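Contents: one structure, followed by commentary.
The values are calculated or read from the model by the stated rules, or taken from the named source; none is laboratory data. Quick caveat: nothing in here was measured; it's all calculated off a predicted structure. Because the Cβ atoms are built from the backbone with ideal geometry, glycine has one as well, and the counts that use them run over all protein chains shown. All accessible areas refer to the heavy atoms of the entire protein, side chains included, with ligands and DNA or RNA removed. Shrake-Rupley method; radii C 1.70, N 1.55, O 1.52, S 1.80 Å.
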Amino acid sequence: MIRISLHVAAVAVTAVAGALSLTGTAGASGTPARPVPTGPGALTRNPLYTTGEFESSKCAEPGRRAGDLDSYRAYLDDLFGCLDRAWREEFRQAGLRFSPPKVRYITKSVNTGCGQYVASYAAGLYCPRNKTMWILLSKEELSDPTGFDLFTVVAHEYGHYAQDRAGILAEFARQSHTLGRKRADDLNRRVELQAECFSGAFVASVWPSLGRDRHDWDEQLTWVVGDRWHGRTGNIRYWLKRGWSGGGPRVCDTFSAPASRTA
Ligand SMILES: [Zn+2]
């Protein structure tokens, strides 16, 4: 399972000016959107933690065909539509501006604006610098048209986008530059584990409509492999399941969690 790495997220600081110039729409109620939070409170008292859980909604998975790029694009377009809808509502409840990320589907390593895409590393990457999700449709990915991993990877990367829109990535990047390696790694893990939690919460909200077997979800948990930047395997599973179990973004405040949960 695949994530943004420290060097990718660390560019968020330079992306702040861009984020501020983005024009989003205020809440449907017409109330003016609140400013994107800054400072330590962006991590621990984020308005996203005041929203309800993702509304359960329908999100069908269009059929894919092995090697057929177009069918994968259609699959992902639908998934992004579901994520846009789900997160737009959370941001509306939080009183924060929202607009969907830019998305690029690629089939080989390219320069993402956050460095060269490392094809062997990730199926998805979010680059805060250009507010773009980069999804790699490799030969390997295209050979498994029934797999569920792409769905969860995209949900995870979208979690990073939500963190960016909510001021979390910018504060993370600001703090990272002042911390020693150990504490910077811990903070990086909190960012990653939160994206896992967001992913679990979103997947649960659309799960009944996917027509998948519980086995597909259990398999995701089985495949998790931890590392220094993403946390121990057990902690990744913990946050995925915590998101899955309901409550919405509020249960995903990894920044207030004890160190044992983010090791
Ligand atoms: Zn990540």
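A compact table of results
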item	result
Residue in the range 86-97 that is surrounded by the most Cβ atoms within 10 Å (Cβ to Cβ), counting only those that are under 20 Å from residue 203 (Cβ atoms) and touching a strand residue (DSSP E or B) at 6+ places or on another chain (Cβ under 6 Å)	91
Odd one out for residue 148, checked against (1) within 30 Å of residue 67 (Cβ to Cβ); (2) open to solvent by 10 Å² or more (accessible area, probe 1.4 Å); (3) of a type in the set (A, V, I, L, M, F, W, C)	(2)
Qualifying residue in the range 179-193 (condition: in contact with a Cys (Cβ under 9 Å, 6 or more places away or on another chain), within 20 Å of residue 41 (Cβ to Cβ) and within 14 Å of the ligand (Cβ to nearest atom))	yes
Residue in the range 98-114 that is open to solvent by less than 60 Å² (accessible area, probe 1.4 Å), in contact with a Gly (Cβ under 8 Å, 6 or more places away or on another chain) and either at pLDDT 95 or above or farther than 22 Å from residue 199 by Cα (or both) present	yes
Matching residues in the range 219-263 - criterion: being within 22 Å of residue 53 (Cβ to Cβ), small (Gly, Ala, Ser), open to solvent by 50 Å² or more (accessible area, probe 1.4 Å) and not in a loop (DSSP other than H, G, I, E, B)	256
Among (1) open to solvent by 50 Å² or more (accessible area, probe 1.4 Å); (2) away from the ligand (no atom under 16 Å from the Cβ); (3) more than 23 Å from residue 215 (Cβ to Cβ); (4) within 17 Å of the chain's Cα centre (by Cα) - the single one residue 78 does not satisfy	(3)
Within the range 194-210, considering residues that are away from the ligand (no atom under 16 Å from the Cβ), touching a residue at least 24 places away in the same chain (Cβ under 8 Å) and not polar (S, T, N, Q), the one nearest to residue 237 (Cα to Cα)	204
Which numbered condition residue 118 misses (of (1) open to solvent by 20 Å² or more (accessible area, probe 1.4 Å); (2) within 14 Å of the ligand (Cβ to nearest atom); (3) closer than 17 Å to residue 191 by Cβ)	(3)
Residue match in the range 219-232 (condition: over 16 Å from the mean Cα position of the chain (by Cα) and over 22 Å from residue 190 (Cα atoms))	yes
Test for residue 187: is it open to solvent by 40 Å² or more (accessible area, probe 1.4 Å) and farther than 22 Å from residue 150 by Cα	no
Answer residue from the range 159-183, given it is among the hydrophobic types (A, V, I, L, M, F, W, C) and open to solvent by 10 Å² or more (accessible area, probe 1.4 Å) and is nearest to residue 232 (Cα to Cα) among those	179
Extreme residue, modelled with the lowest pLDDT, among residues of the range 123-141 that are small (Gly, Ala, Ser) and open to solvent by 10 Å² or more (accessible area, probe 1.4 Å)	123
